[in-house]
Amino acid sequence: VWMPAEAYAPPSAAGQLLPLDYANIPNAKDLYEGSAMKDGIITSYAVVALVYNTDKIKTPPTSWNDLWNPAYKGHVMIGDLPHSYAMSFLVMVARMNGGSESNIDPGFKKIEQLKPSISGFYKNSGVAAQMFQQGSAWIAPWYHGRAKYMAERGVPLAYVVPKEGAPAYLSVIGVVKGTKNKAIAEKYINMVLTPEAQTGWATIIGAGPAIKTVKLDPAVAGTVPYGDEQVKKLVKLDWATIIKNQDKWVERWQKEVTSP
């Protein structure tokens, strides 16, 4: 099973994934620190960054706090809970204001102050793309790879990783309990970690490699999290705690953020 980090947390906690035999996954020796877990492997690194319209915003933003800039009033777009990008943004704002995954109040209070500036909420990336294309959205917390994808199709978008850091958007692969083909599954995982596969993932999908020995073309390297220094700066979230609190956060979000 291949999934984002937020989808990995529940089956891992429930014991639905098998411990990996790393002897069958020799390419794992070149993973970045923290990428190899007992029952899963991080296969790529992406970020929920600040994506912005370069025609409308001439000076690139540098901080998450720039979303509260009055100059962007009426043109800020954010994700709608329970979308993972929205969850990531909520936790990031909480952390910046003295909170955490276990103390989300500061995040809600700060985002509630953003309501007058919000032009809309996206439930999926298709909606976000449409709002950027229509010009109603100038800036948003969004998957960084989408900026590259849309810029290649004529929409003037770029992204920045704010100075406070950016939540990592991770892909994780594992083997489901009950399989009769664990060794074959582990060979497949080893293939996923080859330089060729990792390079293709970065070039086509826009996610940085999890294998530190991969050498990317400079034109590609500049569009993804790449290299030890950049990977270390990514903010890894506690998805187990987030998922546990998801339902009550969604209910609160609807009352305090998306309500008129």
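The values are calculated or read from the model by the stated rules, or taken from the named source; none is laboratory data. These numbers were taken from a predicted model, which means no experiment stands behind them. Glycine also receives a Cβ, built like all others from the backbone with ideal geometry; neighbour counts cover every protein chain displayed. These accessible areas exclude ligands, DNA and RNA; they are computed on the full protein's heavy atoms, side chains included. Shrake-Rupley method; radii C 1.70, N 1.55, O 1.52, S 1.80 Å.
When ranked by the protection proxy of mean other Cβ atoms within 10 Å per residue, highest first, what sequence do the peptides 7-13, 176-182, 142-148 form?
142-148, 7-13, 176-182
Could you give the distance between the Cα centres of the range 111-153 and the range 90-106, to the whole Å?
Here the answer is 22 Å between Cα centres.
Report the label-to-label distance for Ile205 and Glu251 in nanometres (one decimal), using points 7 Å from each Cα along the Cα→Cβ vector.
3.5
Springs between alpha-carbon pairs under 10 angstrom, Gaussian network model over the chain: which of Ala14, Ala166, Ala49 fluctuates most?
Maximum among the listed residues: Ala14.
So if I take the centroid of the Cα atoms in the range 207-221 and the same for the range 1-33, what is the distance between those two points in Å?
Here the two parts' Cα centres lie 21 Å apart.
What is the distance, in nm, between label points placed 7 Å from the Cα along the Cα-to-Cβ direction at Thr179 and at Ala240?
Modelled inter-label distance: 2.2 nm.
Between Asn65 and Gln134, what FRET efficiency follows from the Cβ-Cβ distance if R0 is 30 Å, with the result rounded to 0.05?
After rounding to 0.05, the efficiency reads 0.70.
Which aspartates and glutamates have a Cα lying under 17 Å from the Cα of Lys148, excluding residues fewer than 8 positions away in the same chain?
Lys148 reaches Asp55, Asp217.
Could you list log10 I(q)/I(0) for the range 187-260 at q = 0.14, 0.16, 0.19, 0.22 Å⁻¹, which the Debye formula gives when each Cα is one point scatterer?
With one equal scatterer per Cα and no solvent, log10 I(q)/I(0) is -0.65, -0.72, -0.80, -0.91.
Got a sec to turn the phi values of the range 55-69 into Karplus ³J(HN,Hα) couplings, 6.51 cos²θ - 1.76 cosθ + 1.60 with θ = phi - 60°, whole Hz, x for Gly and Pro?
Using θ = phi - 60°, the values come out as 6, 8, 10, 7, 9, x, x, 10, 9, 4, 5, 5, 4, 8, 5 Hz.
Give me the orientation-averaged projected area of the Cα convex hull of the chain, in nm², one decimal.
Dividing the Cα hull surface by four gives the mean projection, 13.8 nm².
Stokes-Einstein at 37 °C, 0.692 mPa s, Kirkwood radius from Cα pairs: D for the range 1-69 in µm² s⁻¹?
Value of D from the Cα-based Kirkwood radius: 212 µm²/s.
Return the long-range amide H neighbours of Tyr122 (sequence gap of 5 or more, or a different chain), with a cut-off of under 5 Å between placed amide H atoms.
HN-HN under 5 Å from Tyr122: Ile78, Gly79, Asp80.
So who's got an amide H within less than 5 Å of the one on Gly208, skipping anything under 5 residues away but keeping other chains? H placed 1.01 Å off N, in plane.
Those lying under 5 Å, H to H, from Gly208 are Tyr45, Ala46.
Please compute the length gained on full extension between Lys56 and Gln113, using 0.36 nm multiplied by the number of residues separating them and subtracting their Cα-Cα distance.
Full extension from Lys56 to Gln113 adds 18.3 nm.
Would you work out the Kirkwood radius for the range 76-212? I mean one over the mean of 1/r across all pairs of different Cα atoms, in Å.
17.3 Å is the Kirkwood radius here.
Got a sec? What order do Glu33, Glu6, Glu251 fall in by accessible area at 1.4 Å, biggest, i.e. largest, first?
Sorted by accessible area, descending: Glu33, Glu251, Glu6.
Averaging over all projection directions, find the projected area of the Cα convex hull of the range 98-137 and quote it in nm² with one decimal place.
3.6
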